[in-house]
1. Could you please find all residues in region 269-286 being surrounded by 16 or more Cβ atoms within 10 Å (Cβ to Cβ) and small (Gly, Ala, Ser)?
2. Determine whether Leu362 is without any contact (Cβ under 8 Å) to a residue 40 or more places away in the chain, over 24 Å from Val124 (Cα atoms) and surrounded by 17 or more Cβ atoms within 10 Å (Cβ to Cβ).
3. Select from region 237-268 the residues that are in a helix (DSSP H, G or I) and open to solvent by less than 40 Å² (accessible area, probe 1.4 Å) and list them in ascending order.
4. Scanning for something surrounded by 14 or more Cβ atoms within 10 Å (Cβ to Cβ), of a type in the set (D, E, K, R) and either assigned to a helix (DSSP H, G or I) or free of Cβ contacts under 8 Å to residues at least 60 places away in the same chain (or both), does region 312-321 turn up at least one residue?
5. For region 183-234, enumerate the residues that are hydroxyl-bearing (Ser, Thr, Tyr) and at pLDDT below 85.
6. Check region 204-218 and report whether any residue there is crowded, with 16+ Cβ neighbours inside 10 Å and either part of a helix (DSSP H, G or I) or free of Cβ contacts under 8 Å to residues at least 40 places away in the same chain (or both).
7. Cβ-Cβ below 9 Å, separation at least six or inter-chain, first residue in region 267-286 and at pLDDT below 90, second in a loop (DSSP other than H, G, I, E, B) and open to solvent by less than 40 Å² (accessible area, probe 1.4 Å): which pairs?
8. Across region 86-118, what is the total count of residues that are more than 24 Å from the chain's Cα centre (by Cα), over 17 Å from His199 (Cα atoms) and either open to solvent by 40 Å² or more (accessible area, probe 1.4 Å) or modelled with pLDDT of 80 or more (or both)?
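The values are calculated or read from the model by the stated rules, or taken from the named source; none is laboratory data. All of these numbers come straight from a predicted model, not from anything done at the bench. All Cβ positions, even for glycine, are placed from backbone atoms using ideal geometry, and neighbour counts span all protein chains on display. Just so you know, the surface numbers come from the protein's heavy atoms only, side chains and all, with ligands and any DNA or RNA stripped out. Shrake-Rupley method; radii C 1.70, N 1.55, O 1.52, S 1.80 Å.
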Amino acid sequence: MSQETQMLLGLVLGIAIMIILVMKTKTHTFIALLLAALICGLVGGMTPSDAITAIQDGFGNTLKSTGIIIGLGVMMGGILEKTGAAERLAYTFIKAIGKGKEEWALGITGWLVSIPVFADSAIVIFAPLCKAMSRVTGKSVIALALALACGLQCTHVMVPPTPGPLTAAGMMGVDVGQMIIAGALMSVPILIAALLYAHWIGKKIYQIPREDGTYDRKEFKKEYLKSMDQLDEIMGSKKLPGLGESLAPILIPLVLILSKTVCDFAGVDKESFIYSIITLVGSPIVALALGTTIAVYGIGKDIPKDKLMNIMGDSIKDTGMIMLITGAGGALGNIIKVSGIGDVLGATVVSWPIPAILIPVLIGALMRLALGSATVAITTAASLTAPLITTLGLNPVLLAQASCIGAIAFSYFNDSGFWVFNGMFGLTEIKDQLRCKTAVSFIMTGVGIVELLILNMIWK
């Protein structure tokens, strides 16, 4: 058996055993992910010590970027939920956009927000709004949250200045402005298809968040959906915070994060004092810490200190397992990266007899499958495809976007966003997890492939 075959066997064996353990045994997902990572590494040719080190590094690096953000986000979210601020936002949002269009509004919101803001951070920030909107309207929180997540994913993967598409543009020699326009336009049909799926799956997985953090799951019936008159009556009977103080903890962190992105994109002098300040307050950790502080002294100003501490403490309790599973997913991704399995997958695809425009799509998809990170998948696909631009004779903008579209696929067990979504919105069954983030990622990539094939015929 060749070394390349051994590496691919390790990947297949590790993932297969993980799925069997989660679905057919009492093994917890966290432990199953760690075992899968270990099997991938050992069968793929790593020494035991190297495999353990890679697992530890992957776990730590993943939580380094997401752990603090999740913690701060749920603390702020707890305050927003317990004070009624999230309900105020949900009600105002619904009144503004019109009853029945909530998925579309959240999808568009995600599409806009993820251009400057990391998608996982935005999911955490908007989770209280999705839950409150679900309780207020009677719509499944799964439909609302998945619509938001799909909007976030579209621009995070396809539109600069997020790192993945920006890197692809640079490697392909594509003008950033062209990449922005192409990514924005091509993402629209993808988002529409994803939102239609989110609306459908919300009826199949119908669950409403309770005030205590648990979920009420049952078979969907139309009478569960509340009319606008019912909403007016319900909300009119409640004493809720004002719109401004309810919105500030969410809006201010988003503006701060956006300001840092704008400065980076505009080429502000990185040695200047202004840039150093904006870099500080615009980092997601500091921005969310400020947002949580604003929530404490704004909508939480009349709550006794002990009660406020309990609200934040209870919120944090629910995140421990989310962080462990998210870190384990990162460990699996790092094992595959360090072992060289990702490189083998990429080299294999380049030799396949398929339409040239689909080569970066398949490389990006397989890299996402192997590594979990969309950004790394885009970078790998672009780096392997860029030397072939002249040989393939294709439009470099399309090739760059093909790398991005492939990286949308395979949101599953080694993707931190997969576990953040499942943990935030109460998806515990593996079949439900796959029907949400994983299934919709294939739909989005499928629509993107159709676009690429059509555009490739007319845009040379």
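1. The one that is surrounded by 16 or more Cβ atoms within 10 Å (Cβ to Cβ) and small (Gly, Ala, Ser): Gly282.
2. Numbers: without any contact (Cβ under 8 Å) to a residue 40 or more places away in the chain: no; over 24 Å from Val124 (Cα atoms): yes; surrounded by 17 or more Cβ atoms within 10 Å (Cβ to Cβ): yes.
Taking the combined requirement at face value, the residue does not satisfy it.
3. Taking region 237-268 first, the residues in a helix (DSSP H, G or I) are 243-266.
Matches in region 237-268: Ser246, Ala248, Pro249, Ile250, Pro253, Leu254, Leu256, Ile257, Ser259, Thr261, Cys263.
4. yes
5. Of region 183-234, the ones hydroxyl-bearing (Ser, Thr, Tyr) are 187, 197, 206, 214-215, 224, 227.
Scanning region 183-234 gives Tyr224, Ser227.
6. Keep residues of region 204-218 that are crowded, with 16+ Cβ neighbours inside 10 Å, which gives 205-209, 215.
In the following step, the residues that additionally are either part of a helix (DSSP H, G or I) or free of Cβ contacts under 8 Å to residues at least 40 places away in the same chain (or both) were identified as none.
For region 204-218, residues crowded, with 16+ Cβ neighbours inside 10 Å and either part of a helix (DSSP H, G or I) or free of Cβ contacts under 8 Å to residues at least 40 places away in the same chain (or both): absent.
7. So the pair list comes out as Pro284/Val117.
8. Count: 4.
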